[in-house]
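Single-structure report; data block below.
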Amino acid sequence: LYVRGSLADSGGPHAVAIVGSRRATHYGQEMARRLGYQLARAGMTVVSGGARGIDTAAHSGASQAKGRTVAVLGCGLDTVYPAENKKLFDQIVAQGGAVVSEFPFGVKPDRQHFPMRNRIIAGLCDALIVIETGIKGGSMITAHMANEYNKDVFAIPGRVKDKQSQGCNHLIKTHKAA
């Protein structure tokens, strides 16, 4: 992995990943921000993908709590994607967290990189929380991988008819409670 910042574990509580839709609703973003904030305040590391929507909200919440967060990118570390997260990524590093990627410098974001990135998110966490995802969203890939890695997988329920909630509601319906 290429790392900007520090992945060193402080020996404290574990890491929790928060993932979800890039096209998150206000509710989804608020839930991600609150959970990121509360987990970071409790001393846990918040892991996510650095993307728009749920990821950005989770990292922002952890950062607001002055906690540790790790963003896993689907491009090289020399590319800030999304561009509007430059300040957030700088803040993550300044607060003792990390921005990481398996892709070398010069690699631009590509659709096929994100499922690959998701396995790293699943591997870095002890538990995963899914907030707003379609039934075929990338977050479902991450949840499947976390489940394969024997990690606890949680999902925030959403409105029954909302496409943004189909994945979370499916996870709740089909998986045993952790």
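The values are calculated or read from the model by the stated rules, or taken from the named source; none is laboratory data. This is a predicted model, so every value here is computed, not measured. Positions of Cβ are generated from backbone atoms using ideal geometry, with glycine treated the same way; all protein chains shown enter the neighbour counts. Quick note on the areas: whole protein, heavy atoms, side chains included, nothing else; ligands and nucleic acids left out. Shrake-Rupley method; radii C 1.70, N 1.55, O 1.52, S 1.80 Å.
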Of the conditions (1) among the β-branched types (Val, Ile, Thr); (2) outside any loop (DSSP other than H, G, I, E, B); (3) open to solvent by 80 Å² or more (accessible area, probe 1.4 Å), Val130 clears all except one; give me its number. (3)
Looking at His144, is it at pLDDT below 95 and closer than 18 Å to Tyr2 by Cβ? no
For the stretch 68-123, give me the residue count where each residue is under 23 Å from Asn150 (Cα atoms) and among the basic types (Lys, Arg). 2
Return the residues of the stretch 141-178 that are part of a helix (DSSP H, G or I), open to solvent by less than 90 Å² (accessible area, probe 1.4 Å) and within 21 Å of Gly49 (Cα to Cα); say none if nothing qualifies. Ile141, Thr142, Ala143, Met145, Ala146, Asn147, Gln164, Ser165, Gln166, Gly167, Cys168, Leu171
Turns out the strands (runs of 3 or more DSSP E) fully within the stretch 8-126 with at least 1 residues that are in contact (Cβ under 8 Å) with a residue 24 or more places away in the chain and open to solvent by 10 Å² or more (accessible area, probe 1.4 Å) are 15-20, 45-48
Selection from the stretch 121-135 of residues touching a strand residue (DSSP E or B) at 6+ places or on another chain (Cβ under 7 Å) and over 19 Å from Gly53 (Cα atoms) yields Leu124, Cys125, Asp126, Ala127
Could you grab me the full set of residues in the stretch 27-75 that are in contact with a Pro (Cβ under 9 Å, 6 or more places away or on another chain) and not hydrophobic (A, V, I, L, M, F, W, C)? Gly43, Thr45, Gly50, Arg52, Thr56, Gly74
If you check Ser101 against the conditions, is it within 13 Å of the chain's Cα centre (by Cα) and closer than 19 Å to His59 by Cα? no
